[in-house]
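Presented below is the structure to which this report refers.
The values are calculated or read from the model by the stated rules, or taken from the named source; none is laboratory data. All values reported here derive from a predicted model rather than from experimental measurement. Cβ placement follows ideal geometry from the backbone for every residue including glycine, while neighbour counts extend to all protein chains displayed.
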Amino acid sequence: MLQCSKNRTMLHRNIGEPLSHRGTAMTEQPFDHLKDQFKDQTEKFLGPTRELNKLTLSKLEQLASMQLASLRDYTEMNMRQLRAATDISGPQDLQDFFAKQQDFLKTVGEKLAGDAQAMASIGREFAEEAQKIATKGMPNT
């Protein structure tokens, strides 16, 4: 019984010690290789994902900035129209106001077309750059 107790003590002592102190020939190198392999595979997967996230954020910032600028521009145009409408005091002012509406609508139409082209351009740039990231992240076959 005493001998059994000694074996348990030795076993317990060996379990708590690092591999290099157990007196076995086992080393940590196979685990290091697995760790390095996992790290490489993770980087291969997460690298393109991280690049795509950065690209997405960049394009969203561009879109948000453009939309805020457009909102400001449209608001200013409409405020000018409202001020001009409040200045109408007679038939001639009303006629002048309506005459300027055609120019206003032309300006708004041109602005809308320009904004749509700018948004489409940002979308195309995103698609092209995302495609490059995706093909760069694909394994060579």
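Here are the numbers for the structure shown:
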quantity: Hits in the stretch 82-103 - residues which are surrounded by 14 or more Cβ atoms within 10 Å (Cβ to Cβ) and either in contact with an Asp or Glu (Cβ under 8 Å, 6 or more places away or on another chain) or in contact (Cβ under 8 Å) with a residue 12 or more places away in the chain (or both); calculated: 84, 97
quantity: Counted residues, the stretch 71-81 - those being of a type outside the set (Lys, Arg), without any contact (Cβ under 8 Å) to a residue 12 or more places away in the chain and under 17 Å from residue 118 (Cβ atoms); calculated: 1
quantity: Single match in 66, 119 (criterion: touching an Asp or Glu at 6+ places or on another chain (Cβ under 9 Å), modelled with pLDDT of 95 or more, surrounded by 10 or more Cβ atoms within 10 Å (Cβ to Cβ) and closer than 26 Å to residue 132 by Cβ); calculated: 66
quantity: The stretch 25-48, residues that are among the basic types (Lys, Arg) and without any contact (Cβ under 8 Å) to a residue 12 or more places away in the chain; calculated: 35, 39
quantity: Only listed residue being modelled with pLDDT of 70 or more, surrounded by 11 or more Cβ atoms within 10 Å (Cβ to Cβ) and aromatic (Phe, Trp, Tyr), chosen from 45, 38; calculated: 45
quantity: Where a residue in the stretch 49-70 is within 27 Å of residue 111 (Cβ to Cβ) and its partner, wherever it lies, is of a type in the set (Gly, Ala, Ser), with Cβ under 7 Å and at least six apart; calculated: 66/118
